[in-house]
1. Checking Met270 against (1) hydrophobic (A, V, I, L, M, F, W, C); (2) in a helix (DSSP H, G or I); (3) under 30 Å from Thr205 (Cα atoms), which single condition isn't satisfied?
2. Would you point out the residue of the stretch 283-298, among those that are within 10 Å of ligand 1 (Cβ to nearest atom) and buried (at least 18 other Cβ atoms within 10 Å of the Cβ), that is nearest to Leu374 (Cα to Cα)?
3. State yes or no: is Leu301 within 15 Å of the chain's Cα centre (by Cα) and crowded, with 19+ Cβ neighbours inside 10 Å?
4. Spot the failing condition for Lys179; the list is (1) more than 16 Å from ligand 2 (Cβ to nearest atom); (2) surrounded by fewer than 17 Cβ atoms within 10 Å (Cβ to Cβ), and only one is missed.
5. Return the residue satisfying two criteria in turn: it lies in the stretch 397-410 and is part of a helix (DSSP H, G or I) and of a type in the set (A, V, I, L, M, F, W, C), and of such residues it is modelled with the lowest pLDDT.
6. Just wondering, is there one or more residues in the stretch 190-211 that are modelled with pLDDT under 85, more than 16 Å from ligand 2 (Cβ to nearest atom) and in a helix (DSSP H, G or I)?
7. Give Tyr336, Tyr330, Tyr326, Tyr365 a once-over and let me know the one that is within 16 Å of ligand 1 (Cβ to nearest atom), under 24 Å from Asp286 (Cβ atoms) and in a loop (DSSP other than H, G, I, E, B).
Amino acid sequence: MSQQQDNGAALTAPHEPPYTFTANQGYGPSEATPSSFANTNRQNGQLALDADDDDDLDDIFADEDDETEEWDPTATDLTKNYNRQRQLQDGSSPAVPRNNAQKPKANTFASVDDQISALSKHAAKIRLDDVKQGQDKDKDKADRATSELVLDQRTRMILLQMINNNVVSEIHGAISTGKEANVYGAVAYTDAGAAVQRAVKIYKTAILVFKDRERYMTGEHRFKSGPEKGNNRKMVKMWAEKEFRNLHRLRSAGIPCPEPIKLKLHVMVMSFLGDRKGWAYPRLRDANIVGADVEQQWRSLFIQLVATMRRIYQVCKLVHADLSEYNILYHDGTLYIIDVSQSVEHDHPRSLEFLRMDIKNVGDYFRRQGVDTLADRTIFDFITAPEGTIEMAEMTEAIEQLYISRPQAATTEEGLAELEVDNEVFRNQYIPQTLDQVYDIEKDVQRVKEGEGQDLVYRNLLADQVVLPKKEGTEEQDGASSDDESGSGAALDSDEDSDDSGDESRFEKGRPRGRKHEDKDEKKQHKQAVKEAKREKRKDKIPKHLKKKLVTSTSRKKK
Ligand SMILES: Nc1ncnc2c1ncn2[C@@H]1O[C@H](COP(=O)(O)OP(=O)(O)OP(=O)(O)O)[C@@H](O)[C@H]1O
Ligand SMILES: [Mg+2]
């Protein structure tokens with residue numbers, strides 16, 4: 001920070017590093033400003049590369065971020081952009097075309113390049129080619145190609161700066177390379193010289209993946225302005241920010257996950273989930289669970305995960321939205337939640353749909369491992385019930401209670417079949433998220449009054465928990481057997497309020513399409529009534545031929 005203050009002029013210079021590097025002495029203030037930069041407007045640049053303050057990068061790219069053109073991470077347009085920015089700023093070329101196809105021959109004005117060369121002593125510390133994780137060995141070559149792609153100038157600069165600031169000291173091989181992001185292993189050396197493993201996630205700005213992402217962004221209040229169509233870098237930055245914030249929330253709620261350490265544009269540094277040698281914990285999918293009680297271990301993991309999901313929902317107010325065996329790491333009986341960039345808040349119009357999808361993915365996976373799982377609907381109710389415990393140990397107990405209180409265990413063929421049917425019905429059910437989406441409020445109120453509120457898909461989502469216990473032998477939704485989970489909410493909290501039966505704030509939405517039939521009946525009745533009225537009218541009607549006669553006779557008389 002002091003460097004920046006001491007070196008006020010350099011603070012705002014967009015094209016020069018505020019210091020120079022001297023061997024064995026480290027970084028000191030710049031001695032001379034290259035003449036080519038001398039008349040540059042320094043108001044907006046804020047390119048100072050300060051050891052303590054690295055907020056500058058956002059500003060370096062701020063002008064570019066306002067552009068709407070697509071950005072190709074493989075293109076070397078950065079220099080071109082900077083030349084253009086510079087010309088625009090010093091007024092030498094007010095009408096520079098936006099897409100100047102001509103590539104500059106040398107990086108004369110490229111501040112990023114300058115900064116990169118200023119930090120070149122760190123260059124050797126970025127060794128992305130070391131693909132060291134066994135899991136990925138089979139696709140070594142492709143991975144390397146991808147890791148090259150992801151490291152454009154911009155990213156390289158961010159990494160160098162992070163090294164300079166000792167957020168990380170070295171960046172090694174790819175732990176994972178994917179469609180949306182690459183994750184690299186890194187090491188940070190503490191002052192005491194100890195090595196701490198870190199993970200660096202670099203989001204890709206390639207175009208294809210954005211289509212997928214939009215559905216997670218649109219509609220959530222944190223992204224009110226909506227995704228920035230056509231500006232990939234801005235989008236990807238938002239995406240990274242989202243993951244960073246979501247990880248914070250998870251950590252604050254005590255959920256095992258990486259600790260977010262540093263975020264810079266599309267690069268996020270987090271704590272490393274793995275051993276000291278830099279081997280990452282396996283994904284749940286690859287977890288090698290052994291021992292005499294393997295079955296029991298799998299069952300406990302399932303219960304642990306359901307409880308974690310409830311905690312994420314109730315404490316973090318989030319739905320993961322991409323939860324599966326691929327986004328959970330396993331170590332020593334603990335499940336670590338990762339990849340929360342697409343997680344949404346409750347106010348996202350599709351959050352419940354995402355939750356239902358997560359439950360399905362998790363359930364499917366554990367069933368494949370031979371775990372006797374609970375019905376999706378039971379889990380959904382458990383997660384969304386606002387009353388009841390959010391403490392892990394107590395939640396475990398509550399889940400055990402759900403097993404006890406279910407009508408039929410999914411261990412027999414019959415039980416499994418029933419579970420499948422119920423899951424199928426549940427997965428196809430329409431879930432209203434807000435009262436606006438409730439199809440027929442009057443009818444719902446009526447049903448709640450009749451004590452059928454327990455069947456509500458969304459009975460846990462409204463403010464008042466005033467659903468009467470379901471009556472014996474009530475009609476089932478869509479003809480399916482769905483009475484099995486009527487006690488699921490109660491298992492969370494035995495003294496569930498159910499005295500305020502007349503409250504209209506509870507609306508049942510058990511049969512969303514049911515109203516159609518009722519409408520038909522009403523319409524039929526209405527039609528019938530209209531027909532009858534018309535018939536009555538017709539009785540007094542003068543037949544056409546008589547009417548004609550009358551008209552002509554009267555007109556004749558007038559004559
Ligand atoms: N903090 C971490 N510590 C150790 N390994 C990690 C960490 N974060 C991620 N990984 C590894 O990197 C992989 C990919 O991470 P993540 O799921 O966050 O990326 P992603 O968004 O799914 O990327 P893509 O969708 O492009 O594959 C994970 O499966 C895990 O193996
Ligand atoms: Mg993932």
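1. So the condition that Met270 fails would be (2).
2. Leu284
3. So Leu301 fails the test.
4. (1)
5. Looking at residues that are part of a helix (DSSP H, G or I) and of a type in the set (A, V, I, L, M, F, W, C), I get Ile404.
6. Yes, the stretch 190-211 has at least one match.
7. Tyr326
Residues checked against (1) within 21 Å of Ala188 (Cα to Cα); (2) away from ligand 2 (no atom under 16 Å from the Cβ):
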position	(1), (2)
Gly254	no, yes
Lys262	yes, yes
Val267	yes, yes
Leu273	yes, no
Tyr281	yes, no
Ala287	no, no
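The values are calculated or read from the model by the stated rules, or taken from the named source; none is laboratory data. Given the structure is predicted, the values throughout are model-derived calculations rather than measurements. Positions of Cβ are backbone-derived with ideal geometry, glycine not excepted, and every protein chain shown enters the neighbour counts.
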